[in-house]
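Contents: one structure, followed by commentary.
The numbers here are math on the coordinates, done by the rules we state, and not lab data. Because the structure is a prediction, the values reported are computed rather than measured. Quick reminder, even Gly has a Cβ in these numbers, built from the backbone with ideal geometry, and neighbours come from all protein chains shown.
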Amino acid sequence: MKVRYRAAAGVAVLALAVAACGGGGGEAKKPSAEQSQQAQKQMTETPAISINPVPYDQVKDGGTLTLAVGQWPTQWNGNHVDGNQDDTQFMLDPIMPQLMVSNDKAEWSPNPDYLADVKNDLSSGKQVVTYTINDKATWSDGTPITWKDLEAAWKANNGANKKFKPASTDGWDKIESVTKGANDKVAIITYSKPYPEWMGQFSRSPNLYPAKHMQTPEVYEKDYLQKIPVTAGPFKVEKIDESTKTLTLVRDDKWWGKKAKLDKIIFRAIESPEAQVNAFANGELDGVEIPSGAPAELKRAKEVPNVDIRKALSPNWRHITVNNQSEFLKDKNIRHAVSYAINRDVITQSDLKDMDWPIQTLGNHVFMNNHKGYVDNSGDLGKYNLEKAKQLLDAAGWKQEGEYRKKDGKEFDLNFVIPTGTPVSQTEGELTQAMLKEAGIKVNIKPVPLDKFFNDYIIKGDFDLVPFSWIGTPLPIGGLKQIYYTGSESNFPKGSDPAVDAAIDAAVSEMDAAKAIEKANAADKLIWDMVHTIPLYQRPDIQATKKTLANWGARGYQSPDYSIVGFTG
């Protein structure tokens, strides 16, 4: 299962995986120099994209593509915090607009299916982006796509009306106005402050939606709840089956762009990775993701006849979120103690063992190991130091009494919330439990229903510690505002630090790319000190597919294009 976040847009993911259960915390060692060199070599050898690229005219016409998702959504509005899930976005890709698209090098360009032209102009002293929408671009209900749709997205997501619940206000809150240009097909976006990652708006996660379904908090909340009334892509919805948790898409004959090669796409909700891989092995699926901590599933997939294992480096990472507002963790010194007592190297090695993936612990909340902006900002807090953890706890008045620490007669007791059916989360919980016990902290592993894990626990802040994954985009700096800024809907641990907010504001407004990276890293150092999120590792992007499946797989930074997906035989 995946829960996604917008990183200018981003995506949170709950990796479903099977990991070998581990014991205590303190014995595991930091990777040796030789292991680190081997991981770095693996990193350089892992491609940026692996999708079996085949020219459009060599992909056969027709056929059905069947894929699996882990979590079945209720909210299909990807702008809404409840719809901010990777599985949801995965299913929306063939049916909703993406105005700008990225290639595998994270280079952006206008999507000709939706835009005739785009201009980013700074000559007036303000940033003004002008979108000229393709004359043919039309919603499935026959309504033309116009500047009004962009205006509605801005008003819903900019944070001004607190009745809307956007996953992120980043960028939207910098827009001063959205106005009509020469005609209804021209939208002029004027920013009050520079926004270097403007390309991610009105694109994937979230996509553009029709204005009439975004204009009020009521329709924003309800119109895409358990239904998809309007689309605009190479495919359209044939059926949403809530009983079997299946979405069936068919080619949209009214599509004005390149005719889709496939006749049909079927998405089936299958919760566990074991069940997904079994379905793939039985020929029920054409492609399946192999998540971290699933070596048995990777081995099983490799044994399937005519299989192709496709993997690429992606901007996705695994972590533990630390509730800054929970009873025991409000004190930053206590959060420091928890960070020191968790051996990140141990969890990383456990999750990635036998996954054919670089075993490298992540030292940054913004940039992945292979990104040019990557710097290990973890400092001392990223290093396992049990004695330092004990000292901080002693100084805060939490004294060891028997197995665990107490203060004013109360036991130090944390809930580590995990979704059912996710063995990798269970293992991470058991490892954390053993590590923190050595520091005198009791950890209760609390499994909760998979379909309620995100909306009922993470979003509501009902946890002390919780593991999941963030699924990023080619625009990583915007994720700072979404995840770590005071008051953001996606700031799940409710971390708040004026210094962090100021550093984020500086980073997301910097138009010079090199300086923006410097400022993002400066913000990252403060986020480490806040102990908002404990990074673990860059998450594998491994897809097992039929060899004949073309233009689909591990995309890395490249935007999806389902019009060219199909089979070669």
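Put simply, the chain fits an ellipsoid with semi-axes of 38, 28, 21 Å; these come from the alpha carbon gyration tensor as the roots of five times its eigenvalues, largest first. Between SER109 and GLU403, the modelled label-to-label distance comes to 6.1 nm, taking each label 7 Å out from Cα in the direction of the beta carbon. Taking the fewest neighbouring Cβ atoms within 10 Å as the starting point, the ordered list for THR548, THR46 is THR548, THR46.
Positive contributions from Lys and Arg (+1) and negative ones from Asp and Glu (-1), summed over other residues with Cβ under 10 Å from the Cβ of ASP82, come out at -1. Evaluated with a Cβ-only charge set (Lys, Arg +1; Asp, Glu -1), region 96-216 carries a dipole of roughly 440 debye about its Cα centre, given to the nearest 20. Cross-link list LYS212/LYS239; LYS41/LYS105; LYS222/LYS245; LYS41/LYS299; LYS311/LYS446: which exceed 26 angstrom alpha carbon to alpha carbon? In this structure, LYS311/LYS446 lie more than 26 Å apart at Cα. Within a Cβ distance under 12 Å of ILE517, other residues only, what is the Lys/Arg minus Asp/Glu net charge? Every neighbour counted, the sum reads -1. The residues neighbouring GLY373, those whose beta-carbon lies less than 14 Å from its own, together hold a net charge of -2 under the Lys/Arg +1, Asp/Glu -1 convention. Against the empirical curve 2.2 N^0.38 Å, the C-alpha radius of gyration of region 214-254 lands at a ratio of 1.34. Per residue of the chain, the DSSP helices (runs of n ≥ 4 H) give a summed -39500 (n - 2.57) that works out to -7000 deg cm²/dmol at 222 nm. Placing unit charges on the Cβ atoms of the charged side chains and taking the dipole of the chain about its Cα centre, the candidate lying farthest along the positive direction among ASN333, GLN215, PRO493 is GLN215.
Summing Cβ point charges (Lys, Arg +1; Asp, Glu -1) relative to the Cα centre of the chain gives a dipole of roughly 280 debye. From least to most packed, judged by other beta carbons within 10 angstrom and beginning with the fewest, ARG204, ARG251 follow the order ARG251, ARG204. Between the residues PRO419, ALA506, TYR224, the greatest Cα displacement towards the positive end of the dipole of the chain, with unit charges on the Cβ of Lys, Arg, Asp and Glu, is found for ALA506.
With a threshold of 29 Å on the Cα-Cα distance, the over-threshold entries among LYS60/LYS353; LYS148/LYS525; LYS155/LYS227 are LYS60/LYS353; LYS148/LYS525.
Here's the picture: charge each Lys and Arg Cβ at +1 and each Asp and Glu Cβ at -1 in region 316-541, and of GLY397, GLY373, PHE454 the one pushed furthest to the positive end of that dipole is GLY397.
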